[in-house]
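Let me begin by presenting the structure, written as structure tokens, before commenting on it.
The values are calculated or read from the model by the stated rules, or taken from the named source; none is laboratory data. Fair warning: this is a prediction, and the values are worked out from it, not measured in the lab. Here the Cβ positions follow ideal geometry from the backbone for every residue, glycine too, while neighbour counts run over all protein chains shown. To get the accessible areas, we keep the full protein, side chains included, count just its heavy atoms, and leave off ligands, DNA and RNA. Shrake-Rupley method; radii C 1.70, N 1.55, O 1.52, S 1.80 Å.
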Amino acid sequence: MLRMIVQFLVTAFGLWLAAKVVPGVAFTQTGSLIAAAVLLGIANAVVRPILVIVTFPLTVISFGLFLLVVNAAVIGLVASLLGGFVVAGLWAGIGAAIVTGLVSWIAGSLVPEPRREA
């Protein structure tokens with residue numbers, strides 16, 4: 001449960017930072033940011049794995065760079081479902097995917113993995 005809350009906070013921070021850094025990404029209210037973080041978590045758990053499997057040949061051909069397009073598409077899907085979250089085009093979505101991915105990667109390196117008992 002704690003790990004899920006931390007992941008939500010990291011996603012929300014990544015989206016907030018993307019709105020500040022990437023032109024074309026914006027939120028109208030704080031509630032939209034929170035809703036976008038929740039929906040992005042759900043979309044990453046449900047929709048993204050399907051897209052990764054379907055686009056696997058393109059991902060292999062592009063040496064994994066096509067995953068940025070997949071992540072941008074998931075962020076764009078969330079933006080289309082929310083009225084207060086705007087992603088203006090593919091490049092803004094790719095920029096948001098890069099920023100949220102970097103924030104998640106940095107947070108993942110700072111937060112230790114929980115130890116599993118055998």
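Simple spin-label estimate for Leu58 and Ser109 gives 2.9 nm between the two label positions (7 Å along the Cα-to-Cβ direction from each Cα).
Summed over the residues of the chain and divided among them, the accessible surface reaches 65 Å² per residue at a probe radius of 1.4 Å.
Here Leu65 sits with roughly 120 square angstrom of accessible surface, probe radius 1.4 Å.
Rounded to whole numbers, the Karplus 3J(HN,Hα) couplings from phi for region 82-96 are 10, x, x, 10, 10, 10, 8, x, 5, 5, 5, x, 5, x, 5 Hz, using 6.51 cos²θ - 1.76 cosθ + 1.60 with θ = phi - 60°, and x at Gly and Pro. Separation of region 1-48 and region 71-108, taken as the distance between their Cα centroids, equals 8 angstrom. Legend: residues Trp91, Trp16, sorted from most to least accessible area (1.4 Å probe; ligands, DNA and RNA excluded), read Trp91, Trp16.
Between Leu17 and Ile34, 0.36 nm times their residue separation minus their Cα-Cα distance comes to what?
Values: separation 17, 0.36 × 17 = 6.12 nm, distance 1.33 nm.
Additional length available on full extension: 4.8 nm.
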